[in-house]
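Heads up: the structure comes next, in structure tokens.
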Amino acid sequence: MSDNTTHFGYEQVDVDAKQNRVRGVFDSVASNYDVMNDLMSMGVHRLWKRFTIDLSGVRQGHQVLDLASGTGDLALRFARLVGREGHVVMSDINAAMLEQGRIRLLDEGVVGNVDFVQINAETIPFPDNSFNCITIAFGLRNVTDKSKALAEMYRVLKPGGRALILEFSKPIYKPLSAIYDIYSFKILPKIGKLVAKDEDSYRYLAESIRMHPGQEELKGMMETVGFERCDYHNMTGGIVAAHRGFKF
Amino acid sequence: MNEFSHLIYAGLETAINQYLALDPLAYERMQRLDGKVIGFDFRGIDVSLYLVPSVNQLMVLADHERPDCVIEGTPWSLARMSDSQASSQSLFAGEVTISGSTALAHEFGQFLASIDIDWEEHLAHIAGDLIAYQVMGRWRKYLVWKQAAGYLLGQDVDDYLHETVAIVPAREDVTLFLHDVDYVRDDVERLAARVQRLQVLRKNN
């Protein structure tokens, strides 16, 4: 990878162009995002997110930043956990996804302790030491400069706070890896074509997963920017991992 | 992470909220508990769950680092907490312990007891008013019969054990026997004291 290019799935693109390409993908999938998530993961993504909530330690009165919120699966539950005295910032770089999330939270009756902000995770517009917990679920792999995003997350975290990164990772069992590859590259794009009428976006999603750092590499990246007591929890044989790091 | 156990928690959360939704005022009454965390530790099966009342939903979590109160007991003793008399007995006998805010535990118990579901109304949506009325009427009659029959059965068993086969003494007989035991014990203690006094006198002489 040269200084001016980065990966967009298996394709090499200009660094400046990646954000627009990712935006294009999520503009396309926004309206079917929840349905496709359920179809692609057979509903298991809800269990992955529930486990992430358990790891978060979020409680009443906390300040939480949810990056790449999408349609608000995590933000919704955080808003209920922090109560009236707490606050959740639901954010996404993609306006279409953020709008879907905002509508969903309003439909669920969750108002008053949530703000909706369009944010690029590489430049988080909040002061240092602002949040008790920061989460990013299935979003880090779409960020152009992951280290910069991790550094920003560390900066805006309060001392004693923690960051959680839920993301696709590397399967730990070889047979599972083979099945996963077939599923990702052969079946998922076909589901995307059938349901969302967009095969290419779902092919990108599968490719971007393969280009994302594995468990140990991502843990190392977190430690490099300053996170301490970093650990990760493999889920569904390592297909997904939840990384956690603290700021002391 | 155990996906299966989280599936159970998710299913439980869905079931509980569907149940609460049957009482139109349940969520409104739950507002007082908004954001509080009530933990349950099931002794013997090593399972915990945490309930978090919030707007329009009671969340069920597998883990929480700082619950506001934790109610610990065996599954059977915790299930009996729904009965106010049995719950007091369980607490005083140590079968159920509460750590953290006991006021919150009590308030949560009151919330559960206040859930009032009009089953006839819900059945009427499915089967019509007439059938719902008849079904619920029969159900109420059954509950009354069950209570009366349970009481009579208890009386009959009591009479059989105490009077017919007499393998269990009556309460009055047991009380008299225990009084006699107390008298004998006191007499023995008096005798022992007298013997000791005589021994001391003999020694001095």
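The values are calculated or read from the model by the stated rules, or taken from the named source; none is laboratory data. From a predicted model like this one, the values you see are computed outputs, not experimental measurements. Methodologically, a virtual Cβ is constructed for each residue, glycine included, from the backbone with ideal geometry; neighbour enumeration extends over all protein chains shown. Side chains included, ligands, DNA and RNA excluded: accessible areas come from the protein's heavy atoms. Shrake-Rupley method; radii C 1.70, N 1.55, O 1.52, S 1.80 Å.
Worth a mention:
- Residues that are modelled with pLDDT under 75 and not small (Gly, Ala, Ser) number at least 1 in the following helices (runs of 4 or more DSSP H) confined to region A:1-72: A:15-29, A:33-41.
- For region B:1-27, the set of residues classified as more than 9 Å from every other protein chain (Cβ to nearest Cβ), in contact with a Leu (Cβ under 8 Å, 6 or more places away or on another chain) and of a type in the set (Phe, Trp, Tyr) consists of B:Tyr27 only.
- Count - residues of region A:186-195 that are surrounded by 14 or more Cβ atoms within 10 Å (Cβ to Cβ) and without any contact (Cβ under 8 Å) to a residue 24 or more places away in the chain: 2
- A:Ile53 vs. criteria in contact with a Leu (Cβ under 9 Å, 6 or more places away or on another chain) and within 14 Å of another protein chain (Cβ to nearest Cβ): yes
- Selection status of A:Val225, in contact (Cβ under 8 Å) with a residue 24 or more places away in the chain, open to solvent by 20 Å² or more (accessible area, probe 1.4 Å), out of contact with any Ser or Thr (no Cβ under 7 Å at 6 or more places or on another chain) and more than 14 Å from every other protein chain (Cβ to nearest Cβ): no
- Picking from residues in region B:28-68 that are within 29 Å of B:Glu121 (Cβ to Cβ) and surrounded by fewer than 19 Cβ atoms within 10 Å (Cβ to Cβ), the one that is farthest from the other protein chains (Cβ to nearest Cβ) is B:Arg29.
- Within the set B:Ala105, B:Ala149, the sole residue that is free of Cβ contacts under 8 Å to residues at least 40 places away in the same chain and in a helix (DSSP H, G or I) turns out to be B:Ala149.
- The listed residue being under 28 Å from B:Ala62 (Cβ atoms), in contact (Cβ under 8 Å) with a residue 40 or more places away in the chain and of a type in the set (A, V, I, L, M), out of A:Met42, A:Met36, A:Met90: A:Met36
- Residue in region A:162-179 that is out of contact with any Asp or Glu (no Cβ under 6 Å at 6 or more places or on another chain), buried (at least 21 other Cβ atoms within 10 Å of the Cβ) and part of a helix (DSSP H, G or I) present: no
- Matching option when the condition is within 28 Å of B:Leu20 (Cα to Cα) and outside any helix (DSSP H, G or I), among B:Ile126, B:Ile115, B:Ile131: B:Ile115
- Scan region A:103-134 for residues that are within 17 Å of the chain's Cα centre (by Cα) and without any contact (Cβ under 8 Å) to a residue 40 or more places away in the chain and the total you get is 5.
- Qualifying residue in region A:202-215 (condition: open to solvent by less than 40 Å² (accessible area, probe 1.4 Å), touching a residue at least 60 places away in the same chain (Cβ under 8 Å) and more than 16 Å from A:Val143 (Cα to Cα)): yes
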